[in-house]
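Structure record follows, encoded as structure tokens.
The values are calculated or read from the model by the stated rules, or taken from the named source; none is laboratory data. A quick note: this is a predicted structure, and the numbers were derived from the prediction, not measured. Quick reminder, even Gly has a Cβ in these numbers, built from the backbone with ideal geometry, and neighbours come from all protein chains shown. Side chains are part of the model used for accessible areas, which takes the heavy atoms of the whole protein and leaves out ligands, DNA and RNA. Shrake-Rupley method; radii C 1.70, N 1.55, O 1.52, S 1.80 Å.
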Amino acid sequence: MTVTVRPMRARDAERVLAIYQLGLDGGDASFETSAPSWAEFDATRLPAHRFVAVDDTGTVLGWIAVTPTSRRPVYAGVVEHSVYVDPAARGRGVARALLDALIADTEAAGIWTVQSGVFPENTASLGLHDRLGFRVVGVRERVGRRDGRWRDVVLLERRSPVVT
């Protein structure tokens with residue numbers, strides 16, 4: 001199977017949100033329990049840095065997008081990303097391809113820091129981020145509840161060696 005990364009389009013909405021919901025249903029992706037509407041998704045993610053990974057048939061296997069961390073101009077070069085892969089496509093390099101595309105795209109746009117928060121139980125995500133140059137900034141202990149259980153969040157960031 002060949003994985004191709006391309007910009008996300010509005011026509012990808014149904015599949016993107018379905019993959020989002022599958023990730024949420026797994027319990028180790030987010031404090032959220034239900035995917036937003038496409039209007040909410042579209043309004044909260046930066047349009048310039050959204051990608052999907054597709055297979056040879058054009059089926060969306062995963063997606064990645066960013067949100068600004070602040071409206072303050074001083075933080076214009078800092079974004080937080082989310083990456084979700086269909087459970088049936090995991091282990092095939094989809095998340096890696098999406099993160100590689102995001103890193104190249106954000107650096108070309110002058111973004112100097114990409115950050116994320118990951119549950120410590122999501123060891124596959126933590127390992128991938130480590131391999132791509134993300135570092136652990138810290139752990140927010142018992143920062144929120146998911147399904148009645150307090151959860152920690154590992155804060156990760158990647159500082160661009162290109163954008164200074």
* Looking at Val16, is it touching a Lys or Arg at 6+ places or on another chain (Cβ under 7 Å) and either surrounded by 15 or more Cβ atoms within 10 Å (Cβ to Cβ) or without any contact (Cβ under 8 Å) to a residue 40 or more places away in the chain (or both)? -> no
Next item on the list: Please verify whether the range 62-75 includes one or more residues that are of a type in the set (A, V, I, L, M, F, W, C), under 30 Å from Glu141 (Cβ atoms), modelled with pLDDT of 95 or more and assigned to a loop (DSSP other than H, G, I, E, B).
Entry: no
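Taking the options Ala35, Ala10, name whichever one is open to solvent by 70 Å² or more (accessible area, probe 1.4 Å) and of a type in the set (A, V, I, L, M). Before the answer, list the steps.
Numbers: Ala35 fails: open to solvent by 70 Å² or more (accessible area, probe 1.4 Å).
Only one candidate qualifies: Ala10.
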Residue hits (the range 104-121; out of contact with any strand residue (DSSP E or B) (no Cβ under 7 Å at 6 or more places or on another chain) and either more than 23 Å from Gly138 (Cα to Cα) or hydrophobic (A, V, I, L, M, F, W, C) (or both)) are Ala104, Asp105, Glu107, Ala108, Ala109, Gly110
Checked pairs for the range 21-43, first within 17 Å of Arg9 (Cβ to Cβ) and touching a residue at least 12 places away in the same chain (Cβ under 8 Å), second open to solvent by less than 30 Å² (accessible area, probe 1.4 Å) and assigned to a helix (DSSP H, G or I), C-beta under 6 Å and 6 or more apart or across chains, list as Trp38/Ala13
### Query
Can Gly58 be described as open to solvent by less than 60 Å² (accessible area, probe 1.4 Å) and without any contact (Cβ under 8 Å) to a residue 12 or more places away in the chain?
yes
When Ala53 is run through (1) loosely packed, with under 15 Cβ neighbours inside 10 Å; (2) under 21 Å from Arg96 (Cβ atoms), the failure sits at (1)
Looking across the range 37-61 at residues that are among the acidic types (Asp, Glu) and in a loop (DSSP other than H, G, I, E, B), the single one that is farthest from the chain's Cα centre (by Cα) is Asp56
